[in-house]
Amino acid sequence: MIEVGVIKNIFRYPVKSMAGESLESCSLGWHGFEGDRRFAFRRMEDSSGFPWLTAGRLPALLRYQPFWGKSGEESKPVLYVRTPEGKELEAGSEALGAEIAKAYGKDVQLMQFKHGIFDEASVSLISASTIQGVEAECGKPLDVRRFRPNLLIESNSAAPFAEDQWVGRILQFGSDEGPEISITLRDLRCAMIGMDPDTAESDPAILKSVARINEVCAGVYATVTKTGVVSVGQKLFLK
């Protein structure tokens with residue numbers, strides 16, 4: 001095994017295309033991180049295989065912040081969403097659904113998924129060195145939230161895109177008893193990385209920079225091969 005870095009940040013995204021939350025640790029199951037992308041708004045007019053409302057169609061979704069809380073006397077956690085105006089609404093409420101539908105201009109429906117709803121694979125990661133490489137190419141600082149990873153890695157290599165070489169191999173978290181993921185493919189990027197996570201304003205120069213230096217790819221996707229708890233500060237080993 002080769003030690004390749006350490007976990008710098010953990011993120012999960014309860015509602016597809018909405019803002020993520022930063023965690024110190026999280027359970028990693030067979031279908032990704034617990035609570036990650038377990039909800040999505042469906043575009044009611046779309047009967048295709050991908051009817052989900054994403055920030056590509058409604059950039060303002062990025063400004064909605066999901067968070068977990070409790071409702072009334074119930075002890076079971078309830079998902080809430082903080083709107084850009086600061087309102088805190090239950091994720092499944094008519095009020096939130098109506099607000100999203102009004103912004104989109106068509107009817108939507110919030111759906112919950114037992115195993116999550118992912119574009120390619122259930123885990124995504126990117127190294128800080130890769131983000132720094134994109135920053136150098138486009139000439140501006142970039143918030144990691146633009147890349148929407150589950151894991152931000154502080155790599156032992158200063159070279160950007162070093163994680164591309166991990167495809168086809170197993171990444172182990174911490175000790176021999178720790179969870180593991182199989183790196184399956186590079187993350188082919190879209191216009192999402194050009195969207196500011198705070199304002200939702202678009203900057204096409206960022207995607208063009210990734211295209212110039214790494215074939216439009218930044219970061220990698222993975223599937224889970226061994227479950228467990230993942231924590232910030234865990235060392236990473238390539239098998």
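The values are calculated or read from the model by the stated rules, or taken from the named source; none is laboratory data. Please read these numbers as outputs of a predicted model, since none were measured by experiment. Heads up, the Cβs are rebuilt from the backbone with ideal geometry, glycines too, and the neighbour counts pull from every protein chain shown. For accessibility, only protein heavy atoms count, side chains too; no ligands or nucleic acids. Shrake-Rupley method; radii C 1.70, N 1.55, O 1.52, S 1.80 Å.
List of remarks:
- Rounded to the nearest 20 debye, dipole of segment 141-239 from Cβ charges on Lys, Arg, Asp, Glu: 240 debye
- The distance from the alpha carbon centre of segment 126-143 to that of segment 205-219 is 10 Å, rounded to a whole number.
- Taking all protein chains as shown and a probe of 1.4 angstrom, residue 83 keeps an accessible surface of around 10 Å².
- Using C-alpha pairs under 8 Å with a sequence gap of at least 6, the mean separation divided by the residue count of the chain gives a relative contact order of 29 percent.
- Dipole moment magnitude, nearest 20 debye, segment 61-196 about Cα centre, only Lys, Arg, Asp, Glu C-beta charged: 340 debye
- Average accessible area per residue (Å²) across the chain - probe 1.4 Å, nucleic acids and ligands excluded: 47 Å²
- Within the accessible area of the chain, the carbon and sulfur atoms contribute 50%, probe 1.4 Å, all protein chains present.
- Reachable lysines, given that their alpha-carbon falls under 18 Å from the alpha-carbon of residue 8 and they are not under 8 places away in the same chain: 235
- Around the Cα centre of the chain, unit charges on the Cβ atoms of Lys, Arg, Asp and Glu (plus for the first two, minus for the last two) sum to a dipole of about 300 debye.
- Dipole-positive endmost among 81, 64, 101 within segment 1-152 (Cβ charges, Cα centre): 101
- Low-density loop cleavage sites - trypsin sites (Lys or Arg not before Pro) in segment 1-102, where at most 16 other Cβ are within 10 Å (DSSP): 57, 87
- Taking a straight Cα-Cα cut-off under 27 Å and skipping sequence neighbours fewer than 8 places away in the same chain, the lysines within cross-link reach of residue 76 are 16, 87, 114.
- Taken one residue at a time, the phi angles of segment 185-197 give Karplus couplings (6.51, -1.76, 1.60, θ = phi - 60°) of 6, 6, 8, 6, 8, 10, 5, 4, 5, x, 8, 5, x Hz. Gly and Pro are set to x.
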